[in-house]
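The values are calculated or read from the model by the stated rules, or taken from the named source; none is laboratory data. Since the model is a prediction, treat every value here as computed from it, not as a measurement. Cβ coordinates were reconstructed from backbone atoms using ideal geometry, including for glycine residues, and neighbour counts include every protein chain displayed. Accessible surface is based on the protein model in full, side chains and every heavy atom, while ligands, DNA and RNA are left aside. Shrake-Rupley method; radii C 1.70, N 1.55, O 1.52, S 1.80 Å.
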Amino acid sequence: MALIELRGVSKIYHLGGEEIRALDNVDLDINPGEFISIIGPSGSGKSTLMHILGCLDSPSKGSIKLDGMEIGSASARELARIRNQKIGFVFQFFNLLPKLNVLQNVELPMVYAGCSSRERRERAMDALRLVEMDNRAKHRPMQLSGGQQQRAAIARALVNSPKIVFADEPTGNLDSHTGETILKLFHDLSLKGSTIALVTHDPEIAAVTPRKIEIRDGKISKNVDAKLSGQHDGPKFAVGSQQN
Amino acid sequence: MNPLNAIAVGFKEIWANKFRSLLTMLGIILGVSSLVAMSALVKGMENGMKEALIAIGGLEKVRVEEQDIPVWQQHMADQAVGTTMGDVHALLRSAPLITMVVPEMRTRNITMTRLGKSISPWNFIGTWPNAVELNQHVMAHGRMFNEIDDENARNVCVIGTAVRNALFGSPEQIGREIIPIGEFVNINNQRFKIIGMFEHYEAEQDKKARELAKDKPPEPKGGPERSKGFGSSKGSSRSGGFVFDLKNNTVYIPLNTMWLRFRAATGVSGAGSGSYSRSSGSSASSTSGSTAEFVPDPRLSTLSIKIADIDKMDEALQQAKNVMLHTHKGIEDFSFRTQENWSEGITQAISNARMSGGIISAISLLVGGIGIMNIMLASITERVREIGIRKAIGATFFDVFTQILVESVVIAIIGGLAGLFTSNMLVKLLVAMSPTENTPVITMESMLLAFGFSVAVGILAGLFPAFKAAKLNPIQALRYE
């Protein structure tokens, strides 16, 4: 069974009487453990798709099933709970809270989940270890480099063991070398079984993922799964491939 | 998110913006401290006035005073007899709701002298012995004159401490208290024996101050002795409230003595004459001119009556009025002055002070609340992105709402506590700077009220910003730069 099932999803905005179809009748399945990229030029509707997939927004039409649960008609409160429990976000601008240290930032989703402080601490440290940031736990975001901040943000996205992680241009604000390290981190995480969706406009970044979904004018124009067609032979990283 | 966490987050946010939070709190601090200090001042006033009310004889005491004859009775003005002993006896006989009647005959232009020292007492009153009871006097030394003294019109007097201070010297000047019982003084050149002295009346506050001052050595005086103007009566370190000064400055003599020794000297055979000459007590006027048919002015200055039951005040006054209209041939040349009027005046004054103080404090608290709301609005605008992040990772409407509301309430609570502290300091400062007879008293109720009010203001001020923040759309909030 697919992790996410979109059937006939449309998102329509009304701007001054004009109807804008940001998403137009989209069907999409994402399976557990997949590493996909959603690619498209700006204004294509890829962000809208991510927002709807990420339960930040509701579609105007159509149905979405996440983990077997219909969420097209969920209330704001239910959506918040789903975001908290089943979805992780990684943003272009990292979006760590500057007043909290790295550990507190990573703990934040668990605060809203209502975990005890002891559990929060243990799981946050585990997540930081996963992204090799456990030695920076007490630093403030401003004291870290962009790559380190993004790692902390990834730790935050993973800390509640979500069903799927959405990364919105995760390398957009990093130099190419650091960007590649981050992409490699995603790759490693996907090898460990995480479901990850990269949203990007850059075909080079999209090349990292086995499956590519191209969006144009609110419609899926290409849906290529390299694994199925046998063309994909794994990503080429300039930095040394990490063991384990 | 559990509430404890929310409070912790609120505190963190306030601590992160210390200076701004302090400025925001200032409004609440000022509001709370002005409310508490104001109510402390009013409470002090109230206490002082209540003490004074008891000192002048309580609510049961009613004075019958002369009044201008009403316009429609002006044609009978020459028949008006004024208030006389006839009224006293009639009231005692015919008005059962009145338990005590005390006639008073006053004379002005009185000078008491002894060995070159002199005083003109403010109250020089010829009366009956029961005046002591009615006016809540306490005999400290000697005795009050009795019916026999009155019957025989003896030249005896009972004085207050202010009179003693003027004629014999005050304890502060002499170093010991002089008890002048048995001494003789001249009152308008007539020899009077002092047979009693009242205790020294003063407000609780002054009593304490005086007892404190007793332990300290007297301050060396710089320069020549000088009067410090009206109200600084010699002997008392402070003007201990006008009511108390008035009471200390009293001389009582028997009614008949007053009538014969002082009224007879006025040279007016005033029975039924209707002219207002009762106060012309010049000592040099002609006693020699009195003839056989000469009758001294029999009119009383005032008549004090005591009501049996305060709840039956109206009935008792009606009774007294009926009796007196009879003796006054239907002419209404008298009126009743109750302490009720006075106490109502006090209550009115206090409630006015409380009201205006309350309004001022409420306004400053309101301004404080607006300050909080303003800051919270600015703060959430500043933190749109933060709120977006929080919502994206799973904060619900309620979570964000609580967070902002808690911040606002925490500011108000800290401000309120600081305000209570400041108000205590403020009141201490007020007491130190102006030791009036009305010491401000901080009451628990006013503190609770002010604190509760500040918390309420914090909640009200936080509601709108919290709602606004919680309603933010996470997508737009995340896009916000």
Out of B:Val400, B:Val427, B:Val431, report the one residue that is of a type in the set (A, V, I, L, M, F, W, C), within 14 Å of chain A (Cβ to nearest Cβ) and either touching a helix residue (DSSP H, G or I) at 6+ places or on another chain (Cβ under 7 Å) or in a helix (DSSP H, G or I) (or both). B:Val400
So, in region B:357-381, exactly how many residues are within 44 Å of the chain's Cα centre (by Cα) and polar (S, T, N, Q)? 3
Looking at (1) in contact with a Lys or Arg (Cβ under 7 Å, 6 or more places away or on another chain); (2) farther than 20 Å from B:Leu53 by Cβ; (3) open to solvent by 90 Å² or more (accessible area, probe 1.4 Å), find the lone condition where B:Arg337 falls short. (2)
Looking at region B:380-390, which of its residues are crowded, with 20+ Cβ neighbours inside 10 Å and more than 7 Å from chain A (Cβ to nearest Cβ)? B:Ile380, B:Arg383, B:Ile387, B:Gly388, B:Arg390
Subset tally (residues that are part of a helix (DSSP H, G or I) and closer than 24 Å to B:Val101 by Cα) for region B:52-78: 4
Return only the number of the condition from (1) within 14 Å of another protein chain (Cβ to nearest Cβ); (2) more than 19 Å from A:Thr195 (Cα to Cα); (3) in contact with a strand residue (DSSP E or B) (Cβ under 8 Å, 6 or more places away or on another chain); (4) not in a loop (DSSP other than H, G, I, E, B) that A:Pro59 does not satisfy. (4)
Mind checking whether some residue in region B:404-413 is away from chain A (no Cβ under 14 Å), buried (at least 18 other Cβ atoms within 10 Å of the Cβ), of a type in the set (Ser, Thr, Tyr) and in a helix (DSSP H, G or I)? yes
Residue tally, condition among the hydrophobic types (A, V, I, L, M, F, W, C) and outside any helix (DSSP H, G or I), over region A:62-91: 9
Elements of type helices (runs of 4 or more DSSP H) in region B:100-196, at least 2 residues being in contact with a Gly (Cβ under 8 Å, 6 or more places away or on another chain): B:161-168, B:171-174
Going by what's in this entry, would A:Asn101 be described as buried (at least 17 other Cβ atoms within 10 Å of the Cβ), within 22 Å of A:Ala197 (Cα to Cα) and either of a type in the set (Asp, Glu) or modelled with pLDDT under 90 (or both)? no
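Matching residues to (1) farther than 25 Å from A:Ile38 by Cα; (2) within 13 Å of another protein chain (Cβ to nearest Cβ); (3) under 18 Å from the mean Cα position of the chain (by Cα); (4) of a type in the set (Gly, Ala, Ser):
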position	(1), (2), (3), (4)
A:Phe94	no, yes, yes, no
A:Pro98	yes, yes, no, no
A:Leu103	yes, no, no, no
A:Met125	yes, no, no, no
A:Asn135	yes, no, no, no
A:His139	yes, no, no, no
A:Arg151	no, no, yes, no
A:Ile164	no, no, yes, no
A:Thr200	no, no, yes, no
Run down A:Ile71, A:Ile38, A:Ile52, A:Ile64 and say which single residue is aliphatic (A, V, I, L, M), touching a Cys at 6+ places or on another chain (Cβ under 7 Å) and either without any contact (Cβ under 8 Å) to a residue 60 or more places away in the chain or closer than 23 Å to A:Asp225 by Cα (or both). A:Ile71
Regarding region A:76-89, can at least one residue be identified that is on the phi > 0 side of the Ramachandran plot and either touching a Cys at 6+ places or on another chain (Cβ under 6 Å) or among the aromatic types (Phe, Trp, Tyr) (or both)? no
Restricting to region A:7-54, give me the number of residues that are open to solvent by 70 Å² or more (accessible area, probe 1.4 Å) and part of a strand (DSSP E or B). 9
Please work out if B:Lys12 is of a type in the set (Lys, Arg) and within 12 Å of chain A (Cβ to nearest Cβ). yes
I'm told A:Gly146 meets every condition in (1) within 13 Å of chain B (Cβ to nearest Cβ); (2) in contact (Cβ under 8 Å) with a residue 12 or more places away in the chain; (3) of a type in the set (Gly, Ala, Ser) except one. Can you identify the failing condition by its number? (1)
